[in-house]
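Student: The following block contains the structure, expressed as structure tokens.
Here, each number is a calculation from the coordinates, and none is a lab measurement. Being a predicted model, the structure only gives us computed values, none of them experimental. As a convention, Cβ positions derive from the backbone with ideal geometry for all residues, glycine included, and neighbour counts pool all protein chains shown.
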Amino acid sequence: MTNPSLLILPGDGIGPEVMAEVRKVIDWFGANQGLNFDVSEDLVGGAAYDVHGVPLHDDTMAKALAVDAVLLGAVGGPKYDTLDFSVKPERGLLRLRKEMDLFSNLRPAQCFDALADFSSLKKDVVAGLDIMIVRELTSGVYFGEPRGIFEEGNERVGINTQRYTESEIDRVARSAFELARKRSGKVCSMEKANVMESGILWREVVQKVRDTDYPDIELSHMYADNGAMQLVRWPKQFDVIVTDNLFGDILSDCAAMLTGSLGMLPSASLGAPRANGRPAALYEPVHGSAPDIAGQGKANPIACVLSFAMALRYSFDAGAAADQLEAAVQKVLADGARTADLMGAEGGTPLTTTQMGDAIIAALSA
Ligand code: NAI
Ligand code: MG
């Protein structure tokens with residue numbers, strides 16, 4: 001048997017810094033649990049532009065399509081702000097998402113016990129929280145035609161179109177139901193079927209997929225505006241939430257902040273299952289390249305480490321290893337390990353990026 005393959009794209013700013021800590025974690029699982037990966041590394045974003053004049057080389061794109069999973073750090077930075085739109089670092093990431101057809105974006109909101117005080121919400125509202133937002137990523141109002149700014153009479157009109165086909169709704173619903181089967185079996189679908197035809201179709205198709213192929217799933221529907229209120233009022237009523245691209249963009253950011261810092265938040269973007277059963281998959285922290293702290297050893301590597309934990313769970317059928325890695329993160333936080341972004345008013349000396357990585361390795365080994 002060949003090892004599963006993993007392409008690492010550290011990117012720009014703090015991307016390479018946090019990825020260096022994930023490399024230690026990957027090596028640890030190889031050395032201690034015989035969980036070996038065929039790891040290759042390449043350039044993306046500004047780092048790729050500096051060498052190739054494009055934010056993603058065709059060869060890198062081809063590799064991304066061939067491997068079992070891609071793990072990306074972050075792209076962008078002030079150095080590239082004046083570049084033409086067509087070669088901006090972000091375009092490298094967008095090309096990966098598009099050509100890998102990553103339609104299902106998984107954004108967990110998980111409360112780490114030691115950080116419950118860090119939330120802006122009351123402790124009992126967030127303690128133990130562990131929910132997952134599944135956002136449709138490749139269609140909807142960000143892509144629908146017609147779009148643009150047009151002349152109409154003697155003024156201009158800005159137009160974007162919310163558009164969803166049945167098959168687009170069907171496939172993201174399936175991905176949410178599959179995910180729910182590995183969790184509590186509960187899914188809440190959010191749209192605005194009260195005022196949008198695309199929402200009526202969304203609700204119908206999600207219900208039909210459930211009734212036809214996932215009768216074991218407990219499915220509910222909610223208007224997205226109420227969903228936003230419920231997320232802040234009592235988020236633990238949810239497990240998996242599935243929603244469209246626009247509502248998902250907003251609801252996932254809202255849910256993420258229930259539990260704290262940008263430096264803690266992982267994500268997965270999944271496509272259709274391939275011949276070997278594994279989905280096309282890209283894992284990345286939610287944060288960007290953080291130019292304000294890049295090169296100073298201040299970045300929190302946990303978001304990227306937890307993105308690798310998601311890869312273990314969703315690409316490599318290594319749920320036990322993922323649990324173990326998440327438990328190691330819980331443990332270092334419980335022991336008081338904090339990078340600067342996790343420090344409250346109480347002060348103290350923060351850990352560097354490397355020290356936090358080392359603490360996670362020590363917890364894994366304990
Ligand atoms: P950002 O996420 O890079 O930073 C926002 C704030 O959070 C900064 O103060 C930063 O220091 C802090 N922060 C972010 N990650 C952190 C971590 N791991 N540990 C500690 N603190 C952390 O977003 P910003 O500043 O809006 O964008 C900076 C650059 O990153 C831009 O070029 C932007 O286009 C790009 N970007 C890239 C993304 C990606 O690669 N997926 C996503 C978001 C932004
Ligand atoms: Mg957003």
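Student: Mind grabbing the base-10 log of I(q)/I(0) for the chain at q = 0.09, 0.11, 0.12 Å⁻¹? Debye formula, identical points on the C-alpha positions, no solvent, two decimal places.
Tutor: With one equal scatterer per Cα and no solvent, log10 I(q)/I(0) is -0.51, -0.78, -0.94.
Student: Which percent, nearest 5, of DSSP beta bridges in the stretch 130-257 are antiparallel?
Tutor: Antiparallel bridges: around 30 percent, rounded to the nearest 5.
Student: Take the Cβ-Cβ distance between residue 272 and residue 334 as r, set R0 to 35 Å, and report the resulting FRET efficiency rounded to the nearest 0.05.
Tutor: Working: r = 39 Å, r/R0 = 1.11.
The computed FRET efficiency comes out at 0.35.
Student: Further question on the same structure: Which pairs in the list 298/331; 182/236; 98/182; 88/298; 79/298 are over 22 Å apart, alpha-carbon to alpha-carbon?
Tutor: Going by Cα-Cα distance, 98/182; 88/298 fall outside the 22 Å limit.
Student: DSSP beta bridges in the chain, what fraction antiparallel, as a percent rounded to 5?
Tutor: Expressed as a percentage, antiparallel bridges in the chain total about 45.
Student: If the reach is capped at under 16 angstrom between alpha carbons, list the aspartates and glutamates near residue 24, excluding any in the same chain fewer than eight residues apart.
Tutor: Once the sequence-local aspartates and glutamates are set aside, what remains near residue 24 is 38, 41, 326, 358.
Student: Right, here's the next one. In nm, to one decimal, how far is the residue 292 label point from the residue 257 one, both placed 7 Å along Cα→Cβ?
Tutor: Each label point lies 7 Å from its Cα, and together they span 1.4 nm.
Student: Computed over the Cα atoms of the stretch 29-166, what is the ratio Rg over Rh, Rh following Kirkwood? If you can, show how the numbers build up before the last one.
Tutor: Values: Rg = 20.6 Å, Rh = 19.1 Å.
Result for the stretch 29-166 is an Rg/Rh of 1.08.
Student: Just report the Cα centroid separation between the stretch 36-56 and the stretch 145-192, whole Å.
Tutor: Cα centroid of the stretch 36-56 versus Cα centroid of the stretch 145-192: 31 Å apart.
Student: Determine the principal axes of the Cα atoms in the stretch 130-257, then give the extent along each, sorted from largest to smallest and rounded to whole angstroms.
Tutor: 55, 33, 23
Student: Please list, short to long, the whole-number percent of alpha-carbon pairs of the stretch 312-366 in consecutive 5 angstrom bins beginning at zero.
Tutor: Pairs per bin, as whole percents: 4, 20, 24, 19, 16, 11, 4, 2, 0.
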